[in-house]
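Attaching a single structure in structure tokens format; questions to follow.
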Amino acid sequence: MKEADERLLVEAAQRDPSRFAELYQQNFERVYAFILRRVQERSQAEDLTSEVFHQALKNLNRYEWRGVPFAAWLLRIAGNAIADHMHKAAREQSLAEGEDVDPKGGMQEVEQRATLFALVSTLPPDQQTVIRMRFAEEKSIREIAKALGRTEGAVKQLQFRALEKLRAQTERAHG
């Protein structure tokens, strides 16, 4: 789908939530596959996919178009849902085994992830796209290069520069 078409569809869904069904249909398979590769249990993947689209619809009015595919936003929600699911499962297993759970440790990880997402959004758009495709969508350098119409070397350079900026910003934030 063309970027302009996708943007119009998102804006239409923001005005009229019944139009969200089109976004759902266009992105369901990608989100479901992304989740299934990580949780590897069909029923959990179905539940988490449902949760992702529920959260997306609920927060659609807060979505801002930044030239990045809408699917990237959905995959970020999916990543958070998977992380929350894994934390909950680990916590339940620890409680079942009688271990003490450190709620601060889980919160620190969530805060770090939120900070990282915020830092990624400060990168130039082409670097944001490469980082999201590489790490959220788990695409290869070759796949990204093909999708963006760039050489593999150019994609590697964008990734390198983005990671360097993120590292520097993280070091500044943590002194």
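Quick one: work out Rg over Rh on the C-alpha atoms of the stretch 16-100, Rh as Kirkwood radius.
Taking Rg over the Kirkwood Rh, I get 1.06.
OK, next. Would you mind working out the magnitude of the charge dipole of the chain relative to its Cα centre, with +1 at each Lys and Arg C-beta and -1 at each Asp and Glu C-beta, to the nearest 20 Debye?
Roughly 780 debye for the chain.
Distance from the Cα centre of the stretch 41-57 to that of the stretch 137-171, in angstrom?
One Cα centre to the other: 28 Å.
List the GluC sites (Glu not before Pro) within the stretch 1-77 that fall in a DSSP loop (any state other than H, G, I, E or B) and whose Cβ has at most 15 other Cβ atoms within 10 Å.
The qualifying sites are GLU41, GLU64.
In addition: Report, by chain and number, residues whose modeled amide H sits under 5 Å from the one on TYR63, excluding near sequence neighbours (fewer than 5 apart, same chain).
Amide H neighbours of TYR63, under 5 Å, 5+ apart: none.
Okay, next question. Using a simple spin-label model with points 7 Å from Cα along the Cα→Cβ vector, what separation in nm is obtained for ALA89 and ASN59?
2.1 nm
With every atom except the alpha carbons ignored, what do you get for Rg and Dmax of the stretch 3-60, in angstroms?
Calculated on Cα positions, Rg and Dmax stand at 12.4, 36 Å.
How would you rank VAL120, VAL52, going from fewest to most other Cβ atoms within 10 Å of each one's own Cβ?
With the fewest neighbours first, VAL120, VAL52 line up as VAL120, VAL52.
None of the figures in this text is laboratory data; all of them are computed from the coordinates on show. Nothing here was measured: the structure is a model prediction, and the numbers come from that model. Every residue, glycine as well, gets a Cβ built from its backbone with ideal geometry; the counts of neighbours run over all protein chains shown.
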